[in-house]
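The values are calculated or read from the model by the stated rules, or taken from the named source; none is laboratory data. Because the structure is a prediction, the values reported are computed rather than measured. Neighbour counts are summed over all protein chains in view; Cβ atoms, including those assigned to glycine, are modelled from backbone coordinates with ideal geometry. The protein model used for the area step is the full one, side chains on, heavy atoms only, and it has no ligands, DNA or RNA in it. Shrake-Rupley method; radii C 1.70, N 1.55, O 1.52, S 1.80 Å.
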Amino acid sequence: QVHLVESGGGSVQAGGSLRLSCSVSGYSFSNICTAWFRQVPGKEREGVVRIDAVGGIISYANSVRGRFTISRDNVKNTVFLQMNSLKPEDTAMYYCASNGGRFCATGPSQFGYWGQGTQVTVSS
């Protein structure tokens with residue numbers, strides 16, 4: 001089973017930046033897709049971005065395109081999400097996820113492994 005642990009969340013003012021980290025273990029990190037999702041209470045989980053096993057970015061959500069950047073370090077078994085120009089609308093619990101396969105799935109229902117989440121709060 002793939003195990004994921006997020007970190008790096010916090011509270012920032014609008015326009016600020018944060019970098020989230022997702023530490024992956026329990027499987028061959030270099031052979032799995034990893035994705036970032038976010039969720040606000042009462043709403044469905046939203047896909048932010050996905051990156052496949054070879055570092056190919058599948059897509060960014062339109063709401064974060066140009067502001068967020070995903071990357072992965074196969075030596076440290078870690079996926080990062082650099083978030084710049086943060087907006088109050090970005091406030092959410094951010095989750096790291098994997099489907100356990102090399103190539104990425106699309107929706108959250110296709111990902112079987114999830115971290116505990118890290119809270120991001122952006123004030124105006």
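What the table shows:
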{"item": "Search result, residues across region 67-78 that are at pLDDT 95 or above and either in contact with a Cys (Cβ under 6 Å, 6 or more places away or on another chain) or open to solvent by 60 Å² or more (accessible area, probe 1.4 Å) (or both)", "result": "THR69"}
{"item": "Test: residue in region 8-23 that is open to solvent by less than 30 Å² (accessible area, probe 1.4 Å), modelled with pLDDT under 95 and part of a strand (DSSP E or B)", "result": "no"}
{"item": "Count of residues meeting criterion [open to solvent by less than 60 Å² (accessible area, probe 1.4 Å), of a type in the set (Gly, Ala, Ser) and over 10 Å from the mean Cα position of the chain (by Cα)] in region 36-66", "result": "6"}
{"item": "Residue within region 28-35 that is open to solvent by 20 Å² or more (accessible area, probe 1.4 Å) and free of Cβ contacts under 8 Å to residues at least 12 places away in the same chain present", "result": "yes"}
{"item": "Residues (under 14 Å from the mean Cα position of the chain (by Cα) and either open to solvent by less than 10 Å² (accessible area, probe 1.4 Å) or of a type in the set (Ser, Thr, Tyr) (or both)) located in region 79-108", "result": "VAL79, LEU81, MET83, ASP90, THR91, ALA92, TYR94, TYR95, CYS96, ALA97, SER98, THR106"}
